[in-house]
Structures are given as C-alpha cells and as structure tokens.
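The values are calculated or read from the model by the stated rules, or taken from the named source; none is laboratory data. Bear in mind the structure is a predicted one, so any value in this text is a computation, not a measurement. Cβ placement follows ideal geometry from the backbone for every residue including glycine, while neighbour counts extend to all protein chains displayed.
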C-alpha cells in the first residue's frame, strides 16, 4: 500500500485574506469600541483559510507546522462553532502523528456538522493508524453513505478489510475505487498484493504491469513486479526492475517498511530472496550511502 498522499479540501467559500495587524502605538483611546461576536468568527475563518493554504502548499518543516498549529488553535477559539476550524486543527495534529488530539478535534467537528463525509474519512484513517480497525471501518462506512464515490475512502476501506484478512471484501473495495477513478493505481496495486498471497503470481504480474503503465515512477509496483518475475525465472528483468524501484525510493528495500504497507508473508519471503542477491545488495548499500550523505549536516 503506498503512502497515498491526499489533500483534505475545506470549501469555506471565502478568499484568503491577510490579517490586519492592529496598531498598538497609541497609549490611550478615546473610547473602547464594541467588538461583535461575528467579527471574532470572521477572523477565525480568516486564520483557518491561511492555515489551509499552508496545508496545501507550504507545510514542509516542523517550525511551519508548529506555527500553523498555533494559528489553527486560535481559529478554533475565535470561531468555535465552525466545524472547518476544528477539521483543519485535526489535520495538523495528524501531520504530527498526534492522533489522540486529532480525534478530539474531529469529534468536535462532527458534532458541529454530522453530514460532512471528509471528517468521517479522516476519522477512519486515524483509527487505522492506531490499529483500531473496528472504529476505522465504522467511520469510513458513515462517510461513504454521504459520499459513496470517494476513491480514497474506498481504498482505505479496502486496506482495513485487508488487515482483517477479509480478502474478497478488500478486493471488492479496491475494485470499486478503481471504477471511480480508473487511474487510481494504489488500489490496483493492492489487488496485486492479494493475488500474490493467494498464489496467483501470473495474475499479480499482469496487474502490476498495468499499474506501471499508469505511473512508471512508483517504486512499489516496480519492486513487486521484480519479485514476481524473479520467481518466474526472469532474473535479468527482475534485477532491472528492482534496481529501478530502489533508486526511486530506497525505503522499499526495507522489509519492515514493506510489512507496514500490507505486503504479505509470501511476498515478503520472496522479496527477501531477491534483495539478498549480490547484484541487488550492492544497489541497496549504495542507496543507503546516498541517504546518509543527503541527510548528514
């Protein structure tokens, strides 16, 4: 399962305005102006819009995430009755893997707007990360009743069924995701994972070839295909595919990472065989050196 990256869109219906900073140079004011509640809410929505912009385009370091979280917290105080502010705060907590705090914020958002599918989808994803598959499934199902044609949510539901070893149901969810979006390769890829675990290596090969034809820059289907081809005796092609996969993303040479991404026992076993061949070992070592060089201060 690829770490499929998706943006949670909140349509507030207003533009992104800059916050007017009040001037504090005056020592005295002739009177104290009356501040209306809706003015606070307007500022809260304004802040939420700016945080939404950061979520989409600018959040790439811990300092920015921390600053955005402070802004989002303030937005919930200024506009506590708007579900959007709580949803955005929840997203920021997810970015920081603070899942318990995210759940609290999302539950508040749901209480304010129980008909928003995206909140249920995010709840499902958080519960999945926590290993609570019962609550993950329940919330995804609630969201899908509201928005049945969400490829991402159907994919997440398939992953839950996969984890629960309900493989026919997992395939059905993945297939429905692909029917919604024919280029949604992560769902197709995971159907290949299931075929492989069931012993249908040729079927898995066909699926992964289709995935690569949609997007040839993804490491996961490249490596999975390499493993399957190696088992079929096509060693030279397998070496090439494996090298391409590891060069795209060295994480896929880590068996623990593969397990986290729903690779089953059969595929893990066969992957280990391929990764331990001398040719691929050299590539793995070289990729590790590059990572260390890149991350070193």
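Can you tell me which residues in segment 196-207 are in contact (Cβ under 8 Å) with a residue 60 or more places away in the chain and surrounded by 14 or more Cβ atoms within 10 Å (Cβ to Cβ)?
If the condition is that a residue be in contact (Cβ under 8 Å) with a residue 60 or more places away in the chain and surrounded by 14 or more Cβ atoms within 10 Å (Cβ to Cβ), then 196, 197 are the ones that fit.
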Residue check: is residue 46 modelled with pLDDT of 65 or more, more than 28 Å from residue 261 (Cα to Cα), over 27 Å from the mean Cα position of the chain (by Cα) and not in a loop (DSSP other than H, G, I, E, B)? no
Which listed residue is over 30 Å from residue 215 (Cα atoms) and modelled with pLDDT under 50, from 21, 3: 21
Determine whether segment 263-286 contains at least one residue that is surrounded by 14 or more Cβ atoms within 10 Å (Cβ to Cβ), part of a loop (DSSP other than H, G, I, E, B) and within 29 Å of the chain's Cα centre (by Cα). yes
Of the residues 191, 146, which single one is in contact (Cβ under 8 Å) with a residue 12 or more places away in the chain and buried (at least 19 other Cβ atoms within 10 Å of the Cβ)? 191
Select, from 118, 107, the only residue that is farther than 30 Å from residue 264 by Cβ, under 15 Å from the mean Cα position of the chain (by Cα) and assigned to a helix (DSSP H, G or I). 118
Candidates 242, 177, filtered to the one that is assigned to a helix (DSSP H, G or I), touching a helix residue (DSSP H, G or I) at 6+ places or on another chain (Cβ under 6 Å), over 21 Å from residue 133 (Cα atoms) and without any contact (Cβ under 8 Å) to a residue 60 or more places away in the chain: 242
Is there a residue in segment 145-158 that is farther than 16 Å from residue 186 by Cβ and in a helix (DSSP H, G or I)? yes
Matching residues in segment 208-238 - criterion: being surrounded by 24 or more Cβ atoms within 10 Å (Cβ to Cβ) and within 24 Å of the chain's Cα centre (by Cα): 208, 211, 220, 221, 222, 223, 224, 225
Look through segment 155-170, keep the residues that are within 20 Å of residue 208 (Cβ to Cβ) and touching a helix residue (DSSP H, G or I) at 6+ places or on another chain (Cβ under 6 Å), and return whichever of them is surrounded by the most Cβ atoms within 10 Å (Cβ to Cβ). 158
Do the conditions hold for residue 141, that is, is it touching a residue at least 24 places away in the same chain (Cβ under 8 Å), within 30 Å of residue 76 (Cβ to Cβ) and part of a helix (DSSP H, G or I)? no
Would you please name the residue that is farthest from residue 139 (Cα to Cα), looking only at residues in segment 72-88 that are under 23 Å from the mean Cα position of the chain (by Cα) and in contact (Cβ under 8 Å) with a residue 24 or more places away in the chain? 72
